[in-house]
Structures are given as C-alpha cells and as structure tokens.
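This report concerns only the one structure given below.
The values are calculated or read from the model by the stated rules, or taken from the named source; none is laboratory data. Keep in mind that this is a model prediction, so the values were computed, not measured. So basically every Cβ, Gly included, is an ideal-geometry build from the backbone, and we count neighbours across all protein chains shown.
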Amino acid sequence: MGGPQRAKNRRPVKLAEQVAQAILQDIEKAGMAPGQRLPAEAVMAQAHGVSRGTLREALRILEVHGLITIKSGPGGGPVLAEMDHEDFARMATLHFQATGVTFRQLLEARIVLEPRMAELAAVNGSADQVSALRANLQAHGEARNVDDLMVHAHAFHSIVADMAGNNNKALSLMTSSLHGIFDIYQRRGRDLDVMRETVRVHERITDAIERRDSAKAALLMELHMEQSADTFARENPTLIDRAVSWLIS
C-alpha cells in the first residue's frame, strides 16, 4: 500500500528540473571545476532542446541548491560554485522546518552519531589524520575570538568524521552540516574561557583516538555531545523545543 500510494501522490517532474539534472550530468562528464564558466545560455538551450525561459529556470534551480552562481552584466553567466556543507544544511533545514524537527531532536541525533564516528576514527584513522587533529588542536588553542574558536571546533569534528569513514564524504557532510546549523546560534553570547574548555575535551578525545582506544574515544565523545546539548538547552531555553528554521543564506 505504501509504495503505490507514494507513487500516486508524487508530482510530475518539471521540464526545468529535467534540464537541471541534465546540466549536472554534463558538468560531471566534462570534469568541470569550481570557478569554470558553463556554456552560454543560447548554447545550452539549443543543446537541451528547450527555450531560454526553461533553461533559465533550470539554472535557477541549480543556483538555489548552491551548484552554480549566476553573474550579471557583460561577461557574466553561470559559473560552477564550490559546494560545501552549508549548501547541504540549507536544504536539510527546509525539510526540518517543514516536518517539525526540533533542535533537541538534532542534538539527540548528534549524541547517537558522533560517538560512533569517534570509535571508528580510532580504528580507521591514519597517522597523517592524527597529525591533522593535533594541528587543529594547536590552532584551536591559539584562537583569540569566538568566530575562530567555532571554526576550529567545527573542523575537529569534520576531521574525526573523515577518519571514521576513510574520507567518506557522506559522513563528513552530515557532521559538518549539523555543526553548521548549531554554530549560528552558539556564536551568540559565548564565553571565551568556557569555549576554550572544548580544546581540552578535544585533546582527550584525540589522545584516545591516537592510542586506538575506540571504546574510550566513543565514551569521551558521548560525554562531550551530552554536555554540548545541555549547554545549548541552558543557553537557548526558548529555542530547544522549536522546529529548526530554514536557513536561506
């Protein structure tokens, strides 16, 4: 019953969406890199057999999803962008707000996911990746403002995710996206001394990962995530049980 019902309710795919998908396939086949220009609109419209209006709608779809930027004026046009976790977070938060996913639920998801990644990092991580964690800790410890502290804290968890999945982009993307969503709110009114304690917590996790002590790494990360969740709830009492807002910029 579930499958046929879903198929029945699924809306038809618009022509512009089909063209957007075809353009993405063209980009992949051509091996294009961020910063490169796409062909002129007239060329792409002819290649895909559509009007300029349909092509522009397709390009707008790609722009909204962060794949391209459209420069105006002479010499402008669509340019391939550097996609990152922020683009993924924007799409995810649209679904979170529409389906009522709360900040508390996202924090609970992190408490489940991140200890497992720390555990796997201790098993799969390379010596070079441990060195990257150590370099991150040094930069984190030398940070002198909230923005820099947040950047390095965020990077630490991304490195752990990379170690967990042997550079599995899906793990890194999901971890970075979740952290990015909370970074926006955690920058407000944070105490520098309190935030520097995070460096010491990260150092203990790194020690466990370097020793290949997967159980200890998982336990320390779980405690870290629980403490982070408690701090967020305490600092944002009116926000914690609200649905996550769609990030549009």
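A few remarks follow.
- Looking only at residues in the stretch 73-122 that are assigned to a helix (DSSP H, G or I) and touching a Lys or Arg at 6+ places or on another chain (Cβ under 7 Å), the one that is nearest to His179 (Cα to Cα) is Phe103.
- The stretch 102-125: number of residues that are more than 19 Å from Ser214 (Cβ to Cβ) and in contact (Cβ under 8 Å) with a residue 24 or more places away in the chain: 7
- Any hit, the stretch 186-195, residues being touching a residue at least 60 places away in the same chain (Cβ under 8 Å) and either outside any loop (DSSP other than H, G, I, E, B) or not aromatic (Phe, Trp, Tyr) (or both): no
- Hits in the stretch 159-170 (condition: free of Cβ contacts under 8 Å to residues at least 24 places away in the same chain and of a type outside the set (A, V, I, L, M)): Asn167, Asn168, Lys169
- Residue identified as basic (Lys, Arg) and in contact with a helix residue (DSSP H, G or I) (Cβ under 9 Å, 6 or more places away or on another chain) among Arg212, Arg234: Arg212
- Considering the stretch 65-82, the residues that are touching a residue at least 40 places away in the same chain (Cβ under 8 Å) and within 16 Å of the chain's Cα centre (by Cα) include one that is farthest from Ala45 (Cα to Cα), namely Glu82.
Rundown of residues vs (1) over 19 Å from the mean Cα position of the chain (by Cα); (2) farther than 13 Å from Ala118 by Cα; (3) in the same structural domain as Ala132 (by TED's automatic domain parsing); (4) surrounded by 18 or more Cβ atoms within 10 Å (Cβ to Cβ), yes/no style:
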site	(1), (2), (3), (4)
Val160	no, no, yes, yes
Ala164	no, no, yes, yes
Asn168	no, yes, yes, no
Leu171	no, no, yes, yes
Phe182	no, yes, yes, yes
Glu197	yes, yes, yes, no
Thr206	yes, no, yes, yes
Arg212	yes, no, yes, no
Lys216	yes, no, yes, yes
